[in-house]
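Asks: Handing you a structure now.
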Amino acid sequence: MKTVSLYFWVIFLGIVGTTTTLAQTNYLNPFSFYDLEGKVFTQENVKTDMSTMVMLFDPYCDHCSKQASLIAAAEKSFENVQLIFVTIEPETDVVKKFRDEHFGKTQLKHVFFLQDKDFAFETYFGYSDDAINIYLFKPGQRKPKYFGEEQEVSTLLKFL
């Protein structure tokens, strides 16, 4: 009887341990960009228990500016979403100006502005000719919802 009980606990703890490990696994593929202070930012910096939006943007793009404004205006809806904005713009001051213009007055805590100095975005997320590249990830889902143009907040929130 003790042997059966021991086997039960070994199997039970193995299942619980595996489930916990799967839940904590990062749902984003490995990537590496730089924050605006020049520090490396990878998928390991992303919380695995929150939805995430990754957007490739250009600080000079009107579509990108409009999308950022829509998100910032609905900040309460994005309280529990990580917003990762990635650009190939090499001038940090330009990126900071875009960030401050759209998110300088919000209370959002999970907004990251990153630079793709190695031009590797398409390696991590795929290539697109679209004006905007928006990828929406839910915890546990490896395949993101993709949008190639600006979206209303309600549309984005359906997939987050």
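Asks: Given 0.36 nm per residue, what is the gain on full extension from Lys143 to Glu44 after removing their alpha carbon distance, in nm?
Replies: Working: separation 99, 0.36 × 99 = 35.64 nm, distance 1.77 nm.
Stretched fully, the Lys143-Glu44 segment lengthens by 33.9 nm.
Asks: Contour minus end-to-end for Lys96 and Ala74, with contour as 0.36 nm per residue of separation and end-to-end as the Cα-Cα distance? Display every interim value, and only then the final one.
Replies: On the way: separation 22, 0.36 × 22 = 7.92 nm, distance 2.05 nm.
5.9 nm is the gain from fully extending Lys96 to Ala74.
Asks: Give me the distance in nm between label points sitting 7 Å out from Cα along the Cα-to-Cβ direction at Ser32 and Val153, one decimal.
Replies: 3.7
Asks: Taking K and R as +1 and D and E as -1, what net charge do the other residues with C-beta under 15 Å from the C-beta of Thr123 add up to?
Replies: Spelling it out: positives minus negatives among the neighbours equals -2.
Asks: What does the net charge come to around Leu160 if you take all other residues with beta carbon closer than 9 Å to its beta carbon, with K and R at +1 and D and E at -1?
Replies: Working: positive: Lys138, Lys145, Lys158; negative: none.
Net local charge, Leu160 excluded: +3.
Asks: While we're on this one: Cross-link list Lys76/Lys117; Lys97/Lys143; Lys47/Lys143; Lys47/Lys145; Lys117/Lys158: which exceed 26 angstrom alpha carbon to alpha carbon?
Replies: Numbers: Lys76/Lys117 31 Å; Lys97/Lys143 32 Å; Lys47/Lys143 17 Å; Lys47/Lys145 18 Å; Lys117/Lys158 32 Å.
Cα-Cα > 26 Å for Lys76/Lys117; Lys97/Lys143; Lys117/Lys158; rest within.
Asks: For a test of the definition: using alpha carbon positions, the gyration tensor, and the 1.5 limit on a/c, classify segment 65-144 as rounded, prolate or oblate. Each step should come with its number before you reach the end.
Replies: On the way: a/c = 1.86, a/b = 1.12, b/c = 1.67.
Here segment 65-144 falls in the oblate category.
Read the figures in this text as sums done on the coordinates, not as results from a lab. Keep in mind that this is a model prediction, so the values were computed, not measured. Cβ atoms come from the backbone with ideal geometry, glycine included; neighbour counts cover every protein chain shown.
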